[in-house]
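Engineer: Mind having a look at this structure? Questions to follow.
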Amino acid sequence: MSCLFCKIIKGEIPCKKIYEDDQIFAFHDINPQAPVHVLIISKKHISGIPQLVIDDDALIGKIMRTAHKIAQQLNVADQGYRVVVNSGRNAGQEVFHIHFHLLGGRSMNWPPG
Ligand code: 5GP
Ligand code: ZN
């Protein structure tokens with residue numbers, strides 16, 4: 001499979017890893033949009049939100065709790081942070097392996113651009 005994030009999980013492409021367990025992998029984004037910009041991904045290849053199935057429900061909940069733990073570790077939890085999943089063309093999804101952007105360390109606008 002030629003998926004970029006599957007290659008990162010396998011160590012075939014280097015990354016700055018900050019968390020890993022049996023289901024989840026997290027690493028710093030190569031092009032950070034905030035002082036903290038971490039990508040949290042499932043080890044299972046899921047292309048995006050439309051491809052989620054009922055068996056993934058617990059995994060997605062675990063990813064959210066992991067996002068908060070990482071935000072605490074990186075000292076952005078108290079001031080607040082954003083978790084974003086881009087889905088499809090209008091949202092600007094570029095990598096079709098589901099990933100949760102954890103953004104923190106600065107104030108953010110709403111609505112997003
Ligand atoms: P998307 O636009 O699909 O929601 O987000 C893809 C993200 O992956 C972007 O923020 C981009 O900077 C990041 N990214 C793309 N290629 C790499 C890479 O090789 N390494 C890392 N660490 N991040 C990447
Ligand atoms: Zn993949």
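Engineer: Per 0.36 nm of contour for each residue apart, how much would the distance between D78 and D55 grow if the chain were fully extended, relative to their Cα-Cα spacing? Present the calculation step by step, with values, prior to reporting the outcome.
Structural biologist: Values: separation 23, 0.36 × 23 = 8.28 nm, distance 3.19 nm.
Separation in residues times 0.36 nm, less the Cα-Cα distance, equals 5.1 nm.
Engineer: Where a ≥ b ≥ c are the square roots of the eigenvalues of the C-alpha gyration tensor, would you call the chain rounded, which needs a/c under 1.5, or, failing that, prolate if a/b is larger than b/c, or oblate?
Structural biologist: On the way: a/c = 1.41, a/b = 1.28, b/c = 1.11.
The shape class here is rounded.
Engineer: What value, in deg cm²/dmol to 500, does the helix sum -39500 (n - 2.57) over DSSP H runs of n ≥ 4 give at 222 nm once divided by the residues of the chain? Mind dumping the intermediate values first?
Structural biologist: Numbers: 2 runs with 24 residues, N = 113.
So the helix-based figure for the chain works out to -6500 deg cm²/dmol.
Engineer: If you don't mind, another one. Which order do R89, R82 fall in if you start with the one that has the fewest other Cβ atoms within 10 Å?
Structural biologist: On the way: R89 7, R82 16.
Going from sparsest to densest Cβ surroundings: R89, R82.
Engineer: Hey, got the dipole for the range 4-104? About the Cα centre, +1 on K and R Cβ, -1 on D and E Cβ, debye to the nearest 20?
Structural biologist: On the way: 11 positive and 10 negative charges, 30 e Å.
For the range 4-104, the charge dipole is close to 140 debye.
Engineer: Pulled fully out, how much extra length does the chain show between S2 and F96, if you take 0.36 nm times their separation in residues and subtract their Cα-Cα distance? Could you put the intermediate results ahead of the total?
Structural biologist: Working: separation 94, 0.36 × 94 = 33.84 nm, distance 1.08 nm.
Extra length from S2 to F96 when fully extended: 32.8 nm.
Where a number appears in this text, it was derived from the coordinates with a stated rule and is not lab data. The model shown is predicted, which means the values in this text are computed figures rather than measured ones. Neighbour counts are summed over all protein chains in view; Cβ atoms, including those assigned to glycine, are modelled from backbone coordinates with ideal geometry.
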